[in-house]
1. From the list Ser672, Ser659, which residue is over 32 Å from the mean Cα position of the chain (by Cα), among the small types (Gly, Ala, Ser) and either closer than 21 Å to Val786 by Cβ or in a loop (DSSP other than H, G, I, E, B) (or both)?
2. Which condition does Ile802 not pass, out of (1) free of Cβ contacts under 8 Å to residues at least 24 places away in the same chain; (2) closer than 16 Å to Val628 by Cβ; (3) crowded, with 17+ Cβ neighbours inside 10 Å, if it passes all the others?
3. When you go through Thr794, Thr777 one by one, which is the residue that is surrounded by fewer than 16 Cβ atoms within 10 Å (Cβ to Cβ), in contact (Cβ under 8 Å) with a residue 12 or more places away in the chain and more than 23 Å from Ser672 (Cα to Cα)?
4. When you scan segment 1-50, how many residues do you find that are of a type in the set (S, T, N, Q), over 21 Å from Thr63 (Cα atoms) and not in a helix (DSSP H, G or I)?
5. Can you name the residue in segment 1150-1179 that is more than 21 Å from Tyr1078 (Cα to Cα) and in contact (Cβ under 8 Å) with a residue 60 or more places away in the chain and, of all such residues, is surrounded by the most Cβ atoms within 10 Å (Cβ to Cβ)?
6. Name the single residue that is modelled with the highest pLDDT among those in segment 310-366 being within 28 Å of Ser411 (Cβ to Cβ) and not in a helix (DSSP H, G or I).
7. For Lys679, all conditions in the list (1) in contact with a strand residue (DSSP E or B) (Cβ under 6 Å, 6 or more places away or on another chain); (2) surrounded by 13 or more Cβ atoms within 10 Å (Cβ to Cβ); (3) more than 27 Å from Lys807 (Cα to Cα) hold save one; what is the number of the exception?
8. Scan segment 582-612 for residues that are farther than 23 Å from Leu498 by Cβ and of a type in the set (A, V, I, L, M) and jot them down.
Amino acid sequence: MLSKLIQFEWHNNTRSRTFYATFIIYLILGFFVSAFANFSFSGAYKNSPFVLTYAIGLISLMTIFSITLQVAQHFLKEYETKFDAIIFSTPISKFYFLGSKFITAFIIAVSSFGMFIIGMIIGHQMSWIPKSEIGPFEILNYVWPYFVIVIPNILLCLSILATMAWLTRSKLFVYVGGLLIYILYIAGSIFSNSPLFANASPSSAKAMSLAAKIDPFGLAAFLEQTRYWTSIEKNTQLVSLSGNFSFNRIIWICISFLLIFVSYKLFSFRKTKTKKVKTIKTNAKETKTYSVAIPRQLEFKTSKHNLAVFKSNLKMDIYLVLKGIPFLLIVLLFSGLLMIEISDEIDGGIRLAEKITDTALMISTIMDRLPFILILVTLFYSSELLNRSENSRFEMLENTAPYSQFVILLSKLTALFMIPLILIEISILIGIGFQVIHANAPIKAGLYFSMFYYIGFPLFLISILIIAIQTFIKNNFLGLGISAFIVLLFCTGIGEQLGISHPLFRFGDSFKREYFDLNGFGSYTFPFHISMLYNFGLALMLLTLTGILWKRNSTILKTIRRNSFNTIQKTTFAFGSILFIGFGSYLFYKTNIEYLYLTKDDVNNWSEHYEKQFKKYVNLTQPTIISVNSKVDLFPEENRYEVKGTYELINNTEKPIDSLLLYIDRNSKLTSVEIENAKNLDDVSEFQHYWYRLEKPLEPHQKIKMSFSFTSTWSPFKGHTAFNSIIENGSFMRISRYFPTFGYQDSNEISSEKERAKRHLKPQTPLKKLEDKSKTTNDFIDYDVVVSTSKNQTAIGVGDLIENWKKDDRNYFHYKSNGKIPFRFAFSSAEYQIQKTNYKGISIEVFYDKRHSRNVAKLIQDVKNTLDYCQNNFGKYPYQTIRYAEVSAFADGFAATSYPSTVFMKENFGFYSNLNNRDKEDIINQLTAHELSHEWWGNSQISPQQKEGSWILTETLAQYTELMLYEKEHGLEKALETLKIHLDLYLSSRSYEPETALYKTNYETPHLPYDKGMLVMHQLRILIGEEKVNLALKNFLNHYKYPNPIPDSEDLLKEIYLVTDSKLYPKLDEMFKKIITYSSKISKVESVKKNNFYEISFKADSKKYIENATGVRKQIDNDKTIDIGIYDENGKLFRYTFPIKNNRIEGEIKIKNKPQRIVIDPLLMNIDTFIKDNEKEID
């Protein structure tokens, strides 16, 4: 019986075009994903187990839509055709009836996705894929993720949707189920830090472990298991059914079967949708009377009548939406997701302090997460609202009623728009609730209300677009599908990722900029207004056409011919046309004429032509800048600045120079250049280069002067450059980047190896090798500048402030370097409050926004502590002043950045962090120590050349100083917690890039000098002692600071080796010159109390490996000893050293207090690739 029913269901499905379309779509999708999509994981093949598992798991989301369609069409057909009563009167059992449908749907879903796998296999065989990107073919690499990820996901989706269908017998609930699964997927992906969602970041390993357990699609569990995988592991290892991944798969399979069981038990053939009709009580004695009065003439289609019809329809539609369980589910899911996201934002992540719960943070989080979900909800309810009369068979009666159909259209539009408005209101209440609970920042009602415009108005326009498309296309499902396709393409980030990013092709884009205290939304609101007016014009035109075509009974052309435009329609359409053409033209001018619109291909084409034309001059001898004297005028309100300057140049080479190849950054526009005894030969301004011929060659060591002027500005229609942010308040410009320079600029080259190969370009100019000891000239300069800004702002620069004055409603400041500094200078400008103090002859000055004073006193104290530590251990601070200036978070790409005598710190990194939570990081202590230590390491006294290993001379030494000061304030245990964070960041980051030894690190792998660098320097100071480390660093600085020779990483290592016992040299080599990892594990621990002492016996394993750049691991001889730590019930650490014999450690320890846990390598002296099993709780 069951097999016959399955055959019947299969036959019914195969008669549908949807059946074959699903198979074909999955086959084509698989082919395109494998042949064209770029899942970029450095060092991993396109057909590696890791990439295939990630891609297949990600695309398994598509099964939501195919299964939703399958269930909606075939699980409820008996009820739609009113054939259920006949079927249920037959002797068919519930098991056979439900089981046949479920099994058939499951087979179809599994086999249809199998076509995706076949498509991927075919796609990977295509000849245009470079052989270097494809590894050996292994069928198991495709089949394994299909079995462990796709099939359980299909089972889960089908069980949820089948439950919805069987218990509600409503298509609406089935579609809600599909939306529910989709939202769960988004929540899981964001929370699990999927690479698809770049902004998501779990706050800790514990949070990621939780996400791995609860993610219904298993991607979070997969990413957690593979978090530390190297390239070789990604290419060879399959995800294993162990740990959280195994738990995740088992728990969700169990949930799937539980849903099936519950729905089976609750399903009943007898269930009907009939409702009890309330009986109306009548008084038997009451006599009926009939009026003989003639009713007054009723007026139809008047304003009053239309308003009454509008209100009645709107009230009915909104009531039916709000009382429905789907809306309640959406609100609960949406609210839960939003609360998770806001909590995550407040938490700040694993490296940062807790954030202040201000209104800016609330609305920025809401505006980032909310729009896409609102679009999905609007799409979902659109078909239901527009076709409710037809679905309830009320359409014929409704069409004969004497009222304007356009009024009905407006009521439907208003009802559809009110749904996202209600969700916006709920999100506002959630934001306010968080602010009330935390009570550490004022509630700004105006900012919350602005979301009705920045999010709500675009949703209003999208609602018009959706209704228009579904009116133009009579078929309900086709109309919904096409409207969804168009909206996702032109109204969401999906289209932007596919290249549809020009403002003229975007419709209903919500406002995408964060709000920050210093500068609000900035100038970006103006382009948003223009875009909304442009979109509103198109929306009015669409609304006019929709009004004519609404409820038509013929083709579009015939309907338009029969219905002439009335005056209101003509006026609306004309007004919309004026808005659309007028503001569209203005947008085109701003994005294509005033500033050229450049696609990614345009930028790459420019870089390719630049390289081909100028790379031959890479070794062209050019002069060195030794003095900069300039006048800088900042105009924050106009987003621009002007510069006039003079260079003193010198020929530091041994050859005469007869030609100068001048270059200026693309963010700057050169307005004048004058060079002594030089003639302009050719302006290659397309590439920002200018050729000058010297009348007399510049002889070795001869000097020459050059004067110049340039301007820099930006348009909010195009976007600002993070390090060149001249904005209304809180400007920051690393302006030395935008001053003229000389010679070929290798930074303009295409950096992508794939793009270079596609364009047949030779490998990019390599970083100078550490072994290359050729002489390089210092870039230190004398620096003198006068900078002016608006009358209400203060301009902060580098060097000593000589004087400041007011003139012509502008503020002027004169800065001058006390001696030579590297060619590295910057400015900030804002409405500052200032707090000053003098400490041991050094003026400490903090410039901050008046709303952000909460951590200023802490910052000043940390500056004092850092000055003490650095001056006592490394040498005298080289300036008279140290400034910390707050800048707007519009300057992206850094937390704080150090320049000679000045540190610029972003407003959202410390100035209004909440440091009361002691469990979080002390961001003020860390940033203060790190950036101030750069006055010794890299930005003032030494300026390493662009060379292998140079980063450890700056960032690694700054990381070491940061760690020492953090430990002195917070203790060893907190420092170890911080080190574990950096160990996690190092291990997870190295899985995406090939690794080099620390002393040869390059600029593409920041996790090495920052994260591994801190770990290695910590191990070094434990190994040889803090005093010896500091002595080596002091000697290094004395020997190599300007004007001494430029150092490299080998010079630093030489000083470290000099203060270290020669017996430890092999260990130093392992730390700096090799890639050494460990794998240790506590296998057994027991504790027994005897004679007032606790005797602890344990067993542990430890292995030692050497790795190459791609993670190929080879086991080597282990160290002779390793530390074992015992934490007692008071949290105190007791450390003991034990020998390692045959990679095993065994021993016994006695302590007086009750032991709590045992840890192998408690001081993190080894880089262990899986630290979770290094400790164990003691019972």
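The values are calculated or read from the model by the stated rules, or taken from the named source; none is laboratory data. Treat the numbers as computed from the prediction; the structure is a model and nothing was measured. Heads up, the Cβs are rebuilt from the backbone with ideal geometry, glycines too, and the neighbour counts pull from every protein chain shown.
1. The conditions single out Ser672.
2. Result: Ile802 passes all but (3).
3. Result: Thr777 is the single residue among Thr794, Thr777 that is surrounded by fewer than 16 Cβ atoms within 10 Å (Cβ to Cβ), in contact (Cβ under 8 Å) with a residue 12 or more places away in the chain and more than 23 Å from Ser672 (Cα to Cα).
4. Residues meeting the conditions: 5.
5. Looking at the filtered set, the residue picked out is Pro1155.
6. Once the filter is applied, the top-ranked residue is Lys323.
7. (2)
8. Hit for segment 582-612 is Ile593, nothing else.
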